1. If you check Gln24 against the conditions, is it out of contact with any Phe, Trp or Tyr (no Cβ under 6 Å at 6 or more places or on another chain), assigned to a helix (DSSP H, G or I) and surrounded by 17 or more Cβ atoms within 10 Å (Cβ to Cβ)?
2. Name the residues in region 75-96 that are surrounded by 15 or more Cβ atoms within 10 Å (Cβ to Cβ) and either touching a residue at least 40 places away in the same chain (Cβ under 8 Å) or not in a helix (DSSP H, G or I) (or both), would you?
3. Which members of region 14-39 meet the condition of being of a type in the set (D, E, K, R) and within 19 Å of Trp83 (Cβ to Cβ)?
4. Please go through region 40-74 and give me each residue that is outside any helix (DSSP H, G or I), farther than 27 Å from Asp5 by Cβ and at pLDDT below 95, ordered by number.
5. Picking from Asp17, Asp39, which residue would you name as being touching a residue at least 12 places away in the same chain (Cβ under 8 Å) and surrounded by fewer than 16 Cβ atoms within 10 Å (Cβ to Cβ)?
6. Specify the residue that is nearest to Gln112 (Cα to Cα); the eligible residues are those in region 75-99 that are modelled with pLDDT under 95 and within 13 Å of the chain's Cα centre (by Cα).
7. Out of everything in region 42-59 that is surrounded by 13 or more Cβ atoms within 10 Å (Cβ to Cβ) and of a type in the set (Ser, Thr, Tyr), what residue ends up being nearest to Met110 (Cα to Cα)?
Amino acid sequence: MQKRDIVAIEDIKLMVDSFYGKIQEDAILSFIFNDRIGDRWSEHLEKMYKFWQTVLLDEHTYFGAPFPPHATLDINHTHYERWVQLFNETIDHLFTGDKAQEAKWRGQKMAQVFLARTANYKMQVTAE
């Protein structure tokens, strides 16, 4: 397969499907995602297509707040680190180019922000 950049919704779908296929099989992350998503994987994937289409292609199809569903998960640095590793592996395996690099950068930044916000949320709940 010849690598190319992420330029269309078909690329987003390939990226998302490949990445979450890895997540569903991963020893560290699968139970977290499978427990939360259950039998609603197709719904989750559709939401992720729209999210990444909005972020990478500047086609505004996602409307929502991505953090709240993560706030109450029992996850830590190890989980986010693994998420980033699998995400970057997926991008590197399938794509090359500026948008591919941007996807990895955005994934890393999102993981950092979510980790910080999750820790802050847990501290607030503990303090109450």
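1. Spelling it out, it is not the case that Gln24 is out of contact with any Phe, Trp or Tyr (no Cβ under 6 Å at 6 or more places or on another chain), assigned to a helix (DSSP H, G or I) and surrounded by 17 or more Cβ atoms within 10 Å (Cβ to Cβ).
2. Ile75, His79, Arg82, Trp83, Leu86, Phe87, Thr90, Ile91, Leu94, Phe95
3. Hits for region 14-39 are Asp17, Lys22, Glu25, Asp26, Asp35, Arg36.
4. Ala65, Phe67, Thr72, Leu73, Asp74, listed by residue number.
5. Asp17
6. Ranking the candidates gives Tyr80 first.
7. Thr54
The values are calculated or read from the model by the stated rules, or taken from the named source; none is laboratory data. Predicted, not measured: the structure shown is a model, and the values here were computed from it. Backbone-built Cβ (ideal geometry, glycine too); neighbour counts: all protein chains shown.
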